[in-house]
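In what follows, a structure is listed as structure tokens, so that the remarks can point back to it.
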Amino acid sequence: MAARSAGWLLAVVLSSGCAGVADVTGTASQEDVTLLRADVAALKTAVRQLRTQVDSLPKTDARTREHGGDPDRQAAALTQRVDGLSTSLATLSQRVDDLSAKLEILSRQRGAALPPAAPAAPTTPSAPEGTHTARPAPVAPAAPVPAAPPGARSSTGALQPQDVYQAAYIDFSKGVYPLAITGFRDFLRRYPDHELAPNAQYWIGEAQIAMARGYTDAKQTEPAANALRQAVQEFRKVLANYPRSDKAPAALYKEALVLIELKDPSTAQARLQYLVDNFPQAEETPMARERLTALKER
């Protein structure tokens, strides 16, 4: 019964997790925050149930041995169950971390959207009967409120571009690369001309490289090569769409490194030369010159 309950919670929470991610890229409301809190609570409940199952497995196996049976087969089945539950537990724990981080962003945004409480109107004490009261001095007009700096949060309750970008970067920093790519693409779709757009495009390329490394570690050669080829395309979009951004030389350099890894040194050399010729002051340029020299000596 406990296994079925935990399994049901796992299916429900993992399927509803996509909605939680979508909430971060939409308009924050009190309902959004409440739903995310419910998701986090459900995940924590499922984690506790799975931990209880893992702890109870050795006892269950001992009771089974008392009633006879093949010890080797029982041990293998027990190990398989523990591995499966441990994997589910790790997945749920990661979702708890992700949803908690996004919930924190939404909560901060909701707090910033609340207007400050109006100050209480000053009261004038009544004067004793028969005395003259002085007319109160006119109140000086309030100083004009300065305009909000660029990037400041709006008081309308809507998530700002920085919040959408930060949510995607949180996923990237946690190693949840597919989700990070989705978040950065959504940011670019919503805010293609934002000052953070070149960065978002660049981090999509970096996420593809990280995914390629994971495939390589798992001995999956073809998926690794596909991810590297996709990284090349993503880095090229930085230069194509944001040629004057600070990320353009970095994207050029990373693209060249990936091309070298893909056994395409001639194209890599051309990209490095373009970097040296067009971005002589970039911090990547000295490294590009070194790479060029090494390629020419081959």
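Read the figures in this text as sums done on the coordinates, not as results from a lab. If you're wondering where the values come from, they're calculated on a predicted model, not measured in any experiment. In this analysis, Cβ positions are derived from the backbone assuming ideal geometry, glycine residues included, and neighbour counts consider all displayed protein chains.
Listing for the model above:
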{"item": "Compactness of segment 199-271 as Cα Rg over 2.2 N^0.38 Å, two decimals", "result": "1.06"}
{"item": "Prolate/oblate/rounded call for segment 161-298, Cα gyration tensor, a/c under 1.5 rounded", "result": "oblate"}
{"item": "Extension gain (nm, one decimal) between Arg190 and Ser266, 0.36 nm per residue minus Cα-Cα", "result": "23.7 nm"}
{"item": "Inter-site label distance for Thr216 and Arg236 at 7 Å from Cα along Cβ, in nm", "result": "2.1"}
